[in-house]
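The values are calculated or read from the model by the stated rules, or taken from the named source; none is laboratory data. Because the structure is predicted, anything quoted here is derived from the model rather than measured. Virtual Cβ from ideal backbone geometry, glycine too; neighbours counted across all protein chains shown. Just the protein is used for accessible areas: all its heavy atoms, side chains included, with ligands, DNA and RNA removed. Shrake-Rupley method; radii C 1.70, N 1.55, O 1.52, S 1.80 Å.
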Amino acid sequence: MVSTSFGTTLVAVEGSTYPVALAADLTGLGAAVSAVLPPGRVVVVTNDVVGPLHAARAEASLRGAGWDPVRITLPDGEAHKTLGTWQGLVEDVLALQIDRRTPVLALGGGVTGDLVGFAAAAILRGLPFVQVPTTLLAMVDASVGGKVAVNTVHGKNLVGAFWQPRLVYAPFDVLDTLPDDEVRSGLGEVVKHAVLSGEDALAQLEADRADLNARSHEALARAVRASVACKAAVVAADPRESGVRATLNLGHTLAHALESVAGYGRLRHGEAVAIGLVAVTAYCERRGWTERGLARRIEQVCAGLRLPVAPPLDLDRSALVSAVAFDKKRDRATITLVVPAAPGRVELRSLPLVEVPALVDVLFDSRPQGPSPSPSA
Ligand SMILES: NC(=O)c1ccc[n+]([C@@H]2O[C@H](COP(=O)([O-])OP(=O)(O)OC[C@H]3O[C@@H](n4cnc5c(N)ncnc54)[C@H](O)[C@@H]3O)[C@@H](O)[C@H]2O)c1
Ligand SMILES: [Zn+2]
């Protein structure tokens with residue numbers, strides 16, 4: 001069957017554009033890279049989970065299009081998204097005696113893309129960068145928009161740059177090896193993008209629920225395409241995050257607090273986003289800022305995609321209040337809340353810190369529990 005969901009979206013940023021190509025598999029990678037860069041040496045950077053699964057096919061495709069790939073393998077995991085790993089990578093790339101035209105290609109999830117992109121931004125003051133996202137989260141979020149960074153002991157993503165890729169190539173067959181909970185985590189951001197995009201995107205998610213749960217490539221590609229279109233539009237309007245890009249933080253004020261209070265690894269990012277999205281919408285509905293029924297609808301979409309819609313019950317309320325109040329987006333006596341007024345219509349509001357406990361309380365209302373965040377199956 002010929003697919004209709006794959007295809008290319010152009011992202012326009014600061015006077016240039018780059019393609020985000022959604023493809024059935026890795027076979028077209030080499031040709032896609034050759035369409036934007038002249039063939040020569042290419043540094044393929046992956047990690048020790050993704051490399052053994054997918055790098056050989058990526059490299060075969062690159063060779064077939066006239067490229068000479070050299071592979072560098074990083075250790076897997078967010079714990080390695082550090083300045084130490086970054087420095088080692090920079091030294092390893094320079095040891096290959098590359099020149100300023102040599103592209104660096106990130107093959108992996110958001111951790112790989114962020115780290116490799118930040119190395120590409122710095123080496124010889126900037127090497128061409130290609131993203132090949134292999135997680136759903138990286139396809140719908142991390143690989144698009146040009147934010148690249150590493151973590152420090154002071155917090156996540158605190159050292160980085162804006163460095164746009166020359167190409168994003170998303171191959172859907174690689175998702176077959178991705179664990180279910182990683183797919184679910186990506187779906188949390190998909191729902192967020194659908195709320196930001198509007199009625200059509202939300203209705204499409206509702207219609208695709210069963211196919212998404214079955215991990216159909218067609219349905220996943222439809223979801224990624226809609227997400228990329230949403231993020232591309234926001235990034236084009238605000239490439240350096242000085243205004244409207246903050247709307248991408250919808251649901252994230254509570255999500256970040258939930259992740260930090262639950263403790264590392266207990267809630268996946270996208271799961272925390274789903275819980276945060278439902279709760280913030282319910283809160284805004286109560287305040288009269290959101291059309292009636294939207295919270296219930298988002299809750300049903302999330303639960304239908306097996307995302308949790310309420311936090312684990314043992315989380316400490318006062319710890320959550322402190323975590324929300326001290327979110328890095330805090331501006332003195334207020335926090336900035338992204339308010340979903342209706343599908344496709346969001347606004348930013350300053351919320352006084354005294355209102356934060358009421359916002360957190362919504363998390364613990366007696367709304368129906370969604371599936372457990374970490375099913376044992
Ligand atoms: N730059 C941005 O705008 C932006 C946006 C959102 C998130 N991020 C960053 O992205 C990171 C999270 O990304 P993530 O969720 O992709 O995490 P990740 O890169 O750690 O990937 C999750 C896990 O899946 C494995 N994996 C990746 N692809 C696989 C595949 N096809 N088959 C089997 N296993 C596979 C990885 O090795 C890892 O163990 C965070 O560091 C976050 O800060 C960045
Ligand atoms: Zn997020």
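Residues in region 14-46 that are at pLDDT 95 or above, among the small types (Gly, Ala, Ser), over 21 Å from the mean Cα position of the chain (by Cα) and open to solvent by 10 Å² or more (accessible area, probe 1.4 Å): 28, 31, 32, 34, 35, 40. State yes or no: is residue 63 touching a residue at least 24 places away in the same chain (Cβ under 8 Å), of a type outside the set (A, V, I, L, M) and under 20 Å from residue 148 (Cβ atoms)? No: the conditions fail for residue 63.
Among the residues of region 283-295, not a single one is within 16 Å of ligand 1 (Cβ to nearest atom), open to solvent by less than 20 Å² (accessible area, probe 1.4 Å) and touching an Asp or Glu at 6+ places or on another chain (Cβ under 8 Å). Please verify whether residue 107 is under 18 Å from the mean Cα position of the chain (by Cα), farther than 29 Å from residue 256 by Cβ and open to solvent by less than 10 Å² (accessible area, probe 1.4 Å), treating the condition exactly as stated. Criteria not met by residue 107. Take the conditions within 16 Å of ligand 2 (Cβ to nearest atom) and in contact with a Gly (Cβ under 6 Å, 6 or more places away or on another chain) and apply them to residue 149. Does it pass? The answer is yes for residue 149. Just one of the listed residues (218, 182) is within 16 Å of ligand 2 (Cβ to nearest atom), among the acidic types (Asp, Glu) and within 29 Å of residue 30 (Cα to Cα), namely 182.
Taking the criterion of being open to solvent by 30 Å² or more (accessible area, probe 1.4 Å) and of a type in the set (Gly, Ala, Ser), the residues of region 244-269 that qualify are 260, 265.
If the condition is being under 20 Å from residue 260 (Cβ atoms), near ligand 1 (Cβ under 10 Å from one of its atoms) and not in a strand (DSSP E or B), then region 150-181 contributes only 181.
For every residue, the table says whether it meets (1) within 19 Å of residue 185 (Cβ to Cβ); (2) part of a loop (DSSP other than H, G, I, E, B); (3) in contact with a strand residue (DSSP E or B) (Cβ under 8 Å, 6 or more places away or on another chain); (4) at pLDDT below 95.
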position	(1), (2), (3), (4)
242	no, yes, no, yes
247	no, no, yes, no
299	yes, no, no, no
311	yes, yes, no, yes
327	no, yes, yes, yes
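The single residue among 167, 178 that is modelled with pLDDT of 95 or more, of a type outside the set (Val, Ile, Thr), under 20 Å from residue 56 (Cα atoms) and open to solvent by 10 Å² or more (accessible area, probe 1.4 Å) turns out to be 178.
Just so you know, in region 188-207 the residues that are away from ligand 1 (no atom under 14 Å from the Cβ) and within 15 Å of the chain's Cα centre (by Cα) include one that is surrounded by the most Cβ atoms within 10 Å (Cβ to Cβ), and it is 191. The single condition among (1) at pLDDT below 95; (2) open to solvent by 10 Å² or more (accessible area, probe 1.4 Å); (3) not in a strand (DSSP E or B) that residue 336 does not satisfy is (3).
So that you can scan it fast, the table gives a plain yes or no per residue for (1) in the same structural domain as residue 80 (by TED's automatic domain parsing); (2) buried (at least 24 other Cβ atoms within 10 Å of the Cβ); (3) under 17 Å from the mean Cα position of the chain (by Cα); (4) in a strand (DSSP E or B):
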position: 117; (1), (2), (3), (4): yes, yes, yes, no
position: 120; (1), (2), (3), (4): yes, yes, no, no
position: 123; (1), (2), (3), (4): yes, no, no, no
position: 132; (1), (2), (3), (4): yes, yes, yes, yes
position: 137; (1), (2), (3), (4): yes, yes, yes, no
position: 148; (1), (2), (3), (4): yes, yes, yes, yes
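Taking region 188-216 as the range and being under 22 Å from residue 176 (Cα atoms) and not in a helix (DSSP H, G or I) as the test, the residues that pass are 208, 214, 215, 216.
Taking first residues from region 82-110 that are under 19 Å from residue 160 (Cα atoms) and partners that are surrounded by fewer than 16 Cβ atoms within 10 Å (Cβ to Cβ) and β-branched (Val, Ile, Thr), the Cβ contacts under 7 Å between residues at least 6 apart in sequence or on separate chains come to 83/152; 83/159.
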